[in-house]
Amino acid sequence: MKKWTIIGGGIQGITAAVHLLERNVCAIDELCVIDPHEAPLHVWKKRTSKIEMPYLRSSFVHHLSSDPFSLENYASSDKDFYGRYKRPSIELFNEHCAYLIDSLGISTSWVQDTVTGLEKSAGHWYVNLKSGKQAVSQFVILAPGGGQKLHMPDPLTETAVHIFDPHFDLDNAGSTPAVIGGGISAAHTALYLSRKKNKKVTFIKRHPLRVHPFDSDPAWLGPKNMRKFTMMNNYGSRRKCLHDARYTGSMPRELYFRLLQEQRRGNVVFQDAHITDSVSRNGKVELFDRNLSLGIFDSVICCTGFKNKLPEAGWLHSLISRYSLPCASCGYPVLSSSLLWEDSLFAVGALAELEIGPVARNISGAQRAAARITAFAEAQKITAGL
């Protein structure tokens, strides 16, 4: 039996693991991290490397550790950071992640398996696994990740591919690809295809490019905005606040200028359009805005984010039903301020956004969630070895 089991080994889950170990809430032999992939942060690394993202959007204080200056102290040079907010390079960030994972021994607690169910009996949680095995734990943290369900616009479900489809290779985009979206994934994809692969890219967006340094106002990282958010007793109001606060489909300024540079070179063509139909013929795709043809393309690549639906819907819905776990009308968990959903069951990431706020799905949100859980454990005198 383990003291702590974390379901999910992405940014959210590993941040929680690092905090538990650094704060001496848990010893490594008391920890279990369950994830279907072979190593921590698998999906994160795959997606960021696919579009060759050079820098994170977040600042240097946002990483996996409970020490806000851990990443800065780890860095060997200021060249590893970009701009006034000292945004770390993806290379530095991943190296720092590997350092924390190795130094804390997290790989020894890794269980590569898929969760199929969760049950409680005699004060312990029993985690059922696809392999037929079962993990038993005193505490469980749900960290399944919010980017599991790719969003595809209805007119493109049969003719386009999502950038984060694991089976799609950007090298197969053809000579005249269309990129659909307006955020950083679309920007990086267009830049990769135009600069690295010498493609002529058509960048189709529903609105003018939106420029913001972060994907929500930095005030959401402190009490200025969060105080109002936590005072909202109506979770429908919190959901609306989350929607309004996020700068969906936006990008930082340097990406915007790099795109404009490619436009001037004739490598990227912008179109503002609302795609209503698509037709596939002879290995190519024609896109339409009502009756207006937007062009014929070798491939159509959607950089349109993820569905706003509950992660791990199957077994999670069964868990909610079986234990009558509180949920808002949108289906997402209603948690305590310590992120407790049920006795000794915590949730982080997308599952905690009605409590953590607009940054919940980000690295900063992962830090905030992990800090709340460790603070709860410390207040309850839950420590390693006890």
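The values are calculated or read from the model by the stated rules, or taken from the named source; none is laboratory data. Being a predicted model, the structure only gives us computed values, none of them experimental. All Cβ positions, glycine included, derive from the backbone under ideal geometry; neighbour counts span all protein chains shown.
Within the range 330-365, track down each residue that is buried (at least 20 other Cβ atoms within 10 Å of the Cβ) and either of a type in the set (G, A, S) or not assigned by TED's automatic domain parsing to the domain that holds L71 (or both). Within the range 330-365, A347, G349, A350, A352, G357, A360, S364, G365 qualify. For the range 199-245, a tally of residues being modelled with pLDDT under 95 and in contact with a Leu (Cβ under 6 Å, 6 or more places away or on another chain) returns 1.
Considering only residues in the range 174-205 that are among the hydrophobic types (A, V, I, L, M, F, W, C) and closer than 17 Å to Y247 by Cβ, the one that is surrounded by the fewest Cβ atoms within 10 Å (Cβ to Cβ) turns out to be I184. For the residues L41, L71, L64, L21, the requirement of being within 23 Å of S103 (Cα to Cα), modelled with pLDDT of 95 or more and in contact with a Phe, Trp or Tyr (Cβ under 7 Å, 6 or more places away or on another chain) singles out L71.
Okay, residues lined up against (1) surrounded by 14 or more Cβ atoms within 10 Å (Cβ to Cβ); (2) in a helix (DSSP H, G or I); (3) within 21 Å of the chain's Cα centre (by Cα):
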{"residue": "R239", "(1), (2), (3)": "yes, yes, yes"}
{"residue": "D244", "(1), (2), (3)": "no, yes, yes"}
{"residue": "F257", "(1), (2), (3)": "no, yes, no"}
{"residue": "Q263", "(1), (2), (3)": "yes, yes, no"}
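Within the range 340-352, the set of residues being part of a helix (DSSP H, G or I) and either in contact with a helix residue (DSSP H, G or I) (Cβ under 6 Å, 6 or more places away or on another chain) or of a type in the set (S, T, Y) (or both) comprises G349, A352.
Here P144, P166, P218, P208 are screened, and the one residue that is surrounded by fewer than 17 Cβ atoms within 10 Å (Cβ to Cβ) and not assigned by TED's automatic domain parsing to the domain that holds N267 is P218.
The residues of the range 166-221 that are within 16 Å of G295 (Cα to Cα), part of a strand (DSSP E or B) and of a type in the set (S, T, Y) amount to a single one, T202. Taking T248 as meeting all but one of (1) assigned to a loop (DSSP other than H, G, I, E, B); (2) touching a strand residue (DSSP E or B) at 6+ places or on another chain (Cβ under 9 Å); (3) over 19 Å from A173 (Cβ atoms); (4) at pLDDT 95 or above, write down the number of the exception. The number of the failed condition is (4). Could you list, in sequence order, the residues of the range 323-342 that are without any contact (Cβ under 8 Å) to a residue 24 or more places away in the chain and over 18 Å from the mean Cα position of the chain (by Cα)? Within the range 323-342, S324, L325, P326, C327, G331, L335, S336 qualify.
Report yes if L129 is among the aliphatic types (A, V, I, L, M), under 24 Å from the mean Cα position of the chain (by Cα) and over 16 Å from L41 (Cβ atoms), otherwise no.
Criteria met by L129.
Does S76 satisfy being out of contact with any Asp or Glu (no Cβ under 7 Å at 6 or more places or on another chain), in the same structural domain as R368 (by TED's automatic domain parsing) and among the small types (G, A, S)?
yes
Would you be able to say whether some residue in the range 297-314 is touching a residue at least 12 places away in the same chain (Cβ under 8 Å), more than 25 Å from Q148 (Cβ to Cβ), of a type in the set (G, A, S) and surrounded by 13 or more Cβ atoms within 10 Å (Cβ to Cβ)? The answer is no; no qualifying residue exists.
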